[in-house]
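For reference, the structure discussed in these notes is given below.
The values are calculated or read from the model by the stated rules, or taken from the named source; none is laboratory data. All values derive from a computational prediction rather than experimental measurement. Every residue, glycine as well, gets a Cβ built from its backbone with ideal geometry; the counts of neighbours run over all protein chains shown.
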Amino acid sequence: MAGNGKAVTVLALNTLAFTVCFACWMLNGVLITFFSENQLFHFTDSQIGWLIGIPVLSGSLIRLPVGILTDKYGGKWVYAGVMLIAAIPMYLLSYAHTFAHFFWASLGFGLAGTSFAVGIAYTSVWFKREHQGAALGIFGAGNAGAALTSMGAPVLLRWLTNNGENLEAWRQMPRIYAASLVIMTVVFALLAWPKKVDDTHITSLRQRLEPLRYPRVWRFGLYYFLVFGGFVALSQWLIPYYVSVYMMPLATAGMVASIFSLPSGVIRALGGFLSDHYGARRVMYWVLSSCLVCCALLIIPRMDIHSPGKGIMVKRSGTVTKVIPTQIMVDDLAYAVKAEGEAISKDQTLLVLPTLRTWQEPVVKVGDKVKKKQLLASGMTHIYFQANVWVFTGLVFVVGIMMGIGKAAVYKHIPEYFPKEVGVVGGIVGVLGGLGGFFCPILFGYMLEWTGLWITCWFFFAGLAAVCLCWMHVVIQQMMNREAAIHAEKIEYMAPAAVAENA
């Protein structure tokens, strides 16, 4: 990647600061699960969803004004201000005792999430167009901060609380996170250089918001709602998911959940390179199709179901003369019966696919008088699906990889279509993506209360991926049809001239 020393230094600082901010932004996913596991606070499922999602809400809604400030004043001081202000409510979180206390403190430290809007605009002004995809992808790798919290926060909590002997010591953790924000602010202020886009052509707020009237911006926002909002939501939701569905300890659940969040954050840099090389649209086709398939597979829940199956009915009236596990005879007419056979072994290490077993059980005995269409043997069906944790985690890993690549592909579009309004457009796309991270945990919490099924989140993501894929395909087909019509018209006008030239 081409770039001078200042550009590379700014990119490194942006990425490091974004990693710290993202780790802070994701804190509640671990902290609230810790409270529930140790019965420190008695939150309902919907309240848990709110507390997980509320930092994402504030960090999302404020992205647009922060993006505008970055375009106007430059990224250095806006970035430093965001981190310093977010550190205050992060510190105050350590004094929370009620749901309202947690709500307002979480709403405040959620400001750390606006660092993305600052970093996107601040990074893009330092690199040429042909390298912006890679640069923004490297910056976006700061999403790995989610994995740092998923893996490190449970271990830190266990150490601070002396393996649960002093549970109130959890209050030290928000203070440690607040200190990290302050230290990062000082480093950023000392080492970064100021630079901003040339916005002399913009004289009013209305002009800055002008790009928001384009449907393209909102389409990018919907993609980002899936790939970024989904990433944020799952980075937090997977921890209670593993604890509740697979009965894992909190620390283990955090480590396994990082299999999703860590690669998804780091691979965003690869997504930038792929978007530069193959084009963002082609990459988005890969991303959306893969998310749709994997989420559809994840919908299948763990199950152990016994249900009535296909039975055997008498073809003509008569007397039962023989009954054995494999055959029933009525007068001289024999009916084959499927014996039960061996039961499904649930102790096997790995069952990848759902396992189906069917058999029939005689309901008559020798000497019984039977009439036509009377039941001779009832059918039984046993369906067992292990939903093995490692098969589940493998599919989640693929979803994470695709979301990581997709995040870079979405933002590759923005400097190309809106080179002078990266902060504004990046801000609104970031708002929509962040709203996904806010609404999804809350929605999942309510769906869990309504249905009792953890798999409802995969229904939602599969449907959203299908909508995004269809919308993108329709738009691309319309663009291709317009281009084909333009070229056909050119050929029509060029033909007479070509004939005259060759005459």
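Points worth noting:
- Residue match in the range 408-431 (condition: touching a residue at least 24 places away in the same chain (Cβ under 8 Å) and on the phi > 0 side of the Ramachandran plot): no
- Selection status of Trp458, within 20 Å of Trp286 (Cα to Cα), buried (at least 21 other Cβ atoms within 10 Å of the Cβ) and in the same structural domain as Met284 (by TED's automatic domain parsing): yes
- The range 227-266, residues that are touching a helix residue (DSSP H, G or I) at 6+ places or on another chain (Cβ under 6 Å), surrounded by fewer than 24 Cβ atoms within 10 Å (Cβ to Cβ) and of a type in the set (A, V, I, L, M): Val243, Met248, Leu250, Ala251, Met255, Val256, Ile259, Leu262, Val266
- Matching residues in the range 432-473 - criterion: being free of Cβ contacts under 8 Å to residues at least 60 places away in the same chain and within 15 Å of the chain's Cα centre (by Cα): Thr456, Phe460, Gly463
- Cβ-Cβ contacts under 6 Å between residues 6 or more apart (or on different chains), taken from a first residue in the range 127-141 that is at pLDDT below 80 to a second residue that is part of a helix (DSSP H, G or I) and charged (D, E, K, R), are listed as Gly133/Asp276; Gly133/Lys412; Ala134/Asp276; Gly137/Arg268; Gly140/Arg268; Gly140/Lys407; Ala141/Arg268.
- Flag for Pro249 being of a type outside the set (Lys, Arg) and either closer than 30 Å to Ile476 by Cβ or within 20 Å of the chain's Cα centre (by Cα) (or both): no
- Considering Ser258, Ser275, Ser289, the condition of being within 12 Å of Leu148 (Cα to Cα) and either part of a helix (DSSP H, G or I) or in contact with a Ser or Thr (Cβ under 9 Å, 6 or more places away or on another chain) (or both) is satisfied by Ser258 alone.
- Pairs meeting the criteria (first residue in the range 301-323 and part of a loop (DSSP other than H, G, I, E, B), second residue loosely packed, with under 11 Cβ neighbours inside 10 Å, beta carbons under 6 Å, at least 6 apart or on different chains) are Val314/Lys372; Arg316/Lys372; Ser317/Lys371; Ser317/Lys372.
- Selected residue (criterion: surrounded by the fewest Cβ atoms within 10 Å (Cβ to Cβ)) from residues of the range 1-50 that are among the hydroxyl-bearing types (Ser, Thr, Tyr) and farther than 28 Å from Ile267 by Cβ: Thr44
- Applying the criterion of at least 3 residues that are within 24 Å of the chain's Cα centre (by Cα) and either more than 20 Å from Ser235 (Cα to Cα) or among the aliphatic types (A, V, I, L, M) (or both) to the helices (runs of 4 or more DSSP H) found wholly in the range 68-158 leaves 115-124, 129-140.
- Residue in the range 354-402 that is farthest from the chain's Cα centre (by Cα), counting only those that are closer than 30 Å to Ser264 by Cβ and assigned to a loop (DSSP other than H, G, I, E, B): Pro354
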